[in-house]
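The values are calculated or read from the model by the stated rules, or taken from the named source; none is laboratory data. Worth saying up front: this structure is predicted, and the values here are computed from it rather than measured. Because the Cβ atoms are built from the backbone with ideal geometry, glycine has one as well, and the counts that use them run over all protein chains shown. Surface accessibility is based on the protein's heavy atoms, side chains included, excluding ligands, DNA and RNA. Shrake-Rupley method; radii C 1.70, N 1.55, O 1.52, S 1.80 Å.
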Amino acid sequence: PNNPKGKTRTRRLDFYGISDDFKTFFINFPIEREAFVLKLNSDNKYKQTGKEIIEMSSDFGAIDQTGNRFAVSDGKNKVSIYEYNKKQNQWKETQTILNNIMSNEKNMYFGKSIAFANQGTQLLIGTNVGKQFVNIYNLDDNKEYKFDEMLTTKREYVYFGSYNPKIN
């Protein structure tokens with residue numbers, strides 16, 4: 001797109017992940033605070049699934065292996081989970097997970113690392129600021145993620161709990 005002065009504008013694009021069948025992927029434009037899920041249709045073209053997610057101010061997110069659920073962090077202390085409603089062709093926020101770890105750090109970047117495992121039945125949320133940890137949540141029968149276990153390290157690793165791993 002062009003700005004009013006006619007100069008080309010650069011947009012930053014973050015790639016949050018792709019489904020196991022490589023047909024659905026999740027992207028974010030953090031400056032514009034917009035995120036999109038694109039899916040390969042029967043014409044072999046990627047088309048937006050649902051409406052764009054506006055006011056998403058995160059640099060951290062992931063999509064599950066099925067392509068029907070994603071999670072994003074507010075970059076502070078909250079992770080929001082969205083699920084796709086095919087009938088309504090929209091993404092609906094289904095759960096919010098708050099960081100319950102006490103720390104002297106003003107901003108722990110809870111959710112700096114987010115990954116889904118086991119076809120979306122497990123959610124891993126981590127940070128590497130202050131107390132480094134990765135929390136594991138399991139999907140229950142009510143389709144809500146419940147805390148299961150915290151992984152920590154005795155040594156300080158710069159990358160422990162950061163970045164988005166691909167977990168099968």
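Please go through (1) touching a strand residue (DSSP E or B) at 6+ places or on another chain (Cβ under 8 Å); (2) at pLDDT below 90; (3) open to solvent by 10 Å² or more (accessible area, probe 1.4 Å) for residue 85 and return the number of the only condition it doesn't satisfy.
Evaluating residue 85 over (1) touching a strand residue (DSSP E or B) at 6+ places or on another chain (Cβ under 8 Å); (2) at pLDDT below 90; (3) open to solvent by 10 Å² or more (accessible area, probe 1.4 Å) leaves (2) as the failure.
Report, ordered by the first and then the second residue, all pairs with beta carbons closer than 7 Å, sequence separation of six or more or different chains, a first member in the range 76-99 that is more than 23 Å from residue 135 (Cβ to Cβ), and a second member that is open to solvent by 60 Å² or more (accessible area, probe 1.4 Å) and assigned to a strand (DSSP E or B).
85/92
Among the residues of the range 105-131, write down those that are modelled with pLDDT of 80 or more and assigned to a loop (DSSP other than H, G, I, E, B). Walk me through it before giving the result.
Going residue by residue through the range 105-131, those that are modelled with pLDDT of 80 or more are 110-127.
The answer is 110, 111, 112, 118, 119, 120, 121.
For residue 92, which of the numbered conditions (1) open to solvent by 80 Å² or more (accessible area, probe 1.4 Å); (2) over 16 Å from the mean Cα position of the chain (by Cα); (3) modelled with pLDDT of 90 or more fails to hold?
Condition not satisfied by residue 92: (2).
Tally up the residues in the range 132-168 that are modelled with pLDDT of 90 or more, part of a loop (DSSP other than H, G, I, E, B) and under 16 Å from residue 118 (Cα atoms), please.
Of the residues in the range 132-168, the ones modelled with pLDDT of 90 or more are 135-149.
Applying the additional criterion that residues be part of a loop (DSSP other than H, G, I, E, B) yields 140-144.
Now restrict to residues that are under 16 Å from residue 118 (Cα atoms): 140-141, 143-144.
Number of matching residues: 4.
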